[in-house]
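Undergrad: Below you'll find the structure I mean.
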Amino acid sequence: FGITSGDTVFAFLNANGEIRYSILAGANLPDLLRETDKYLTLIGNHGNTLSRSYMFVYRETISALIDNGENTSLTTTTENGEKEVANDAIYLDRQSDTLSFHKVLQSFWLGYHDRCYHYSEKLLETKDSGKHHRLVTLFYHGLNSFVLLRKGKFTKRCAQVYKIAHSALKEAEELSRWNYRNKVNLLVAEKYSFQGYNKEARNSYGAAIMSARSSKFFHEQGLACELAAFHCQRNGDLEQARKFFDQARTCYKKWGSSVKVESISNEIDQLSFSESAAVEVQIGTA
């Protein structure tokens, strides 16, 4: 409607919104990359520098989630417009928040836990960042905090992050169960797992998987399965860990994330090695 009526600014703002929300909803990544490239061509033809700069940020996140940018990332040169940002302090500040947010997404999914912590804290310190960005950041920051707690890093702050994240997401869940119930369930599952409550953790992981599946958030369903697998692995239930890893891999294939499929496949291979070693020990002691 915007382009046909001549209002390209309105059209490209909506295009940016579509791609941004599709990333968060777990849309198929290769399809989303093609859609983004189509919009970038249109935006480039109309010379909308601001929309193009944001779209490039989204594209790099999609690329990172597919294959860590190995085969899908664009060359970042001034010629392709990535560094051409509108010369306005307000826009520069907003893009800075957007960059931090997307660094949170990229670093979390690629397993860069210290980096995820850094960018999460950076974005949450900004009062003007969008509410939805803050909620999603708190979700990933909360999950990431348990990884860091297990490593003994940032212990005092990470313990606070869970409480802040759970409170904010629980409040959001009251307004939209479809968007936030699975996230609350997964945070609670990680808390129970960290505290050593095996049964409660398994129940919460199951609830997170079911609610993510109901909302068709394949990426977060895969994440819940992955974290459930690690919980089972930590508690010596290797058979159930394998089942959860298999489910996670299936979800990540639907999402179109080759980098996550490869990561889970490596976990399954390591699990198989551990199982074989355990069998050899049993035979040796028989």
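FYI, it's all coordinate maths here, none of it is from the lab. Owing to the predicted nature of the structure, the values given are computational and were not obtained by experimental measurement. Heads up, the Cβs are rebuilt from the backbone with ideal geometry, glycines too, and the neighbour counts pull from every protein chain shown.
Undergrad: Full extension from ARG234 to SER96: what is 0.36 nm times the residue separation minus their Cα-Cα distance, to one decimal in nm?
TA: Stretched out fully, the ARG234 to SER96 stretch lengthens by 45.8 nm.
Undergrad: Compute the acute angle (0 to 90°) between the alpha-carbon long axis of helix 198-214 and the principal axis of greatest extent of the alpha-carbon atoms of the chain; round to the nearest 10°.
TA: The angle comes out near 40 degrees.
Undergrad: Only loop residues by DSSP count here, and only those with at most 10 other Cβ atoms within 10 Å; note down the trypsin sites (Lys or Arg not before Pro) in the stretch 121-225 that meet that.
TA: Answer in residue order: LYS127.
Undergrad: Still on this model: With Cβ to Cβ distances under 12 Å as the rule, what net charge do the other residues near HIS118 carry (K, R +1; D, E -1)?
TA: In short, +2.
Undergrad: Turning to a different aspect of this structure: Could you work out how far apart the two model spin labels at LYS38 and LYS131 are, taking each label as a point 7 Å from the Cα in the direction of the beta carbon, and quote it in nm?
TA: For the pair LYS38/LYS131, the computed spacing is 3.2 nm.
Undergrad: Using only the alpha-carbon atoms, how far is helix 131-150 inclined from the longest principal axis of the chain? Give it as 0 to 90 degrees, nearest 10.
TA: On a 0 to 90 degree scale, this one is about 30.
Undergrad: Something else now. Quick one: divide the alpha-carbon radius of gyration of the chain by 2.2 N^0.38 Å and tell me what you get.
TA: Working: Rg = 20.5 Å, N = 286, 2.2 N^0.38 = 18.9 Å.
Cα Rg divided by the expected 2.2 N^0.38 Å: 1.09.
Undergrad: Tell me the mean residue ellipticity at 222 nm calculated for the chain from its helices only (DSSP H runs of n ≥ 4, each -39500 (n - 2.57), averaged over every residue, nearest 500).
TA: When only DSSP H runs of four or more count, the value is -27500 deg cm²/dmol.
Undergrad: Evaluated at 25 °C with a viscosity of 0.890 mPa s, what Stokes-Einstein diffusion coefficient in µm²/s does the stretch 140-232 have when Rh comes from the Kirkwood expression over alpha-carbon pairs?
TA: Taking Rh from Cα pairs, D becomes 188 µm²/s.
Undergrad: Using 0.36 nm per residue, how much length does the chain from LYS254 to GLU70 gain when fully extended, once their Cα-Cα distance is taken away?
TA: Numbers: separation 184, 0.36 × 184 = 66.24 nm, distance 1.98 nm.
That pair, LYS254 and GLU70, stretches by 64.3 nm at full extension.
Undergrad: Can I ask one more? Treating the angle as unsigned and between 0 and 90°, give the value, to the nearest 10°, between the Cα long axis of helix 155-175 and the longest Cα principal axis of the chain.
TA: 70
Undergrad: Another one. For HIS46 and GLU171, calculate 0.36 nm times their separation in residues minus their Cα-Cα distance, and state this gained length in nm to one decimal.
TA: Extending this stretch completely gives an extra 40.9 nm.
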